[in-house]
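Undergrad: Starting off with a structure, shown below.
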């Protein structure tokens, strides 16, 4: 019994070193291009949500703030559709999510923030 507990402790320490499978809370704000029609925004959000869910994460909340004026022009646009998504995901996958958002033609800007534990 004692040997089994020792092995469990060592295994848990190894998981902690590499980040384990612990899901962390994040907030993601994306600005979707005004070139995306109102009918196309849900499809864009679904791509982002499927990326998260497909990698073992879960969506907590999605708030569409609507079309707003940008503080400064981005790619010659002065407006964008803002969306806030709260979700849980493994920390090691955030770089992949940000890379995917960075190359998306539909997303003008994004900001990913890890919430405190």
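The values are calculated or read from the model by the stated rules, or taken from the named source; none is laboratory data. Since we're looking at a predicted model, the values are computed, not measured. Here Cβ is always computed from backbone atoms with ideal geometry, including for glycine, and neighbour counts include all displayed protein chains.
Undergrad: Given (1) over 13 Å from residue 35 (Cα atoms); (2) surrounded by 12 or more Cβ atoms within 10 Å (Cβ to Cβ); (3) without any contact (Cβ under 8 Å) to a residue 40 or more places away in the chain, where does residue 66 come up short, assuming only one miss?
TA: The number of the failed condition is (2).
Undergrad: Another question, if that's okay. When only residues in the stretch 98-111 that are out of contact with any helix residue (DSSP H, G or I) (no Cβ under 6 Å at 6 or more places or on another chain) and buried (at least 17 other Cβ atoms within 10 Å of the Cβ) count, which is nearest to residue 46 (Cα to Cα)?
TA: Out of the qualifying residues, it is 101.
Undergrad: Here is a list: 61, 79. Which entry is at negative phi, in a strand (DSSP E or B), surrounded by 14 or more Cβ atoms within 10 Å (Cβ to Cβ) and modelled with pLDDT of 95 or more?
TA: Working: 61 fails: surrounded by 14 or more Cβ atoms within 10 Å (Cβ to Cβ).
One residue alone meets the criteria, 79.
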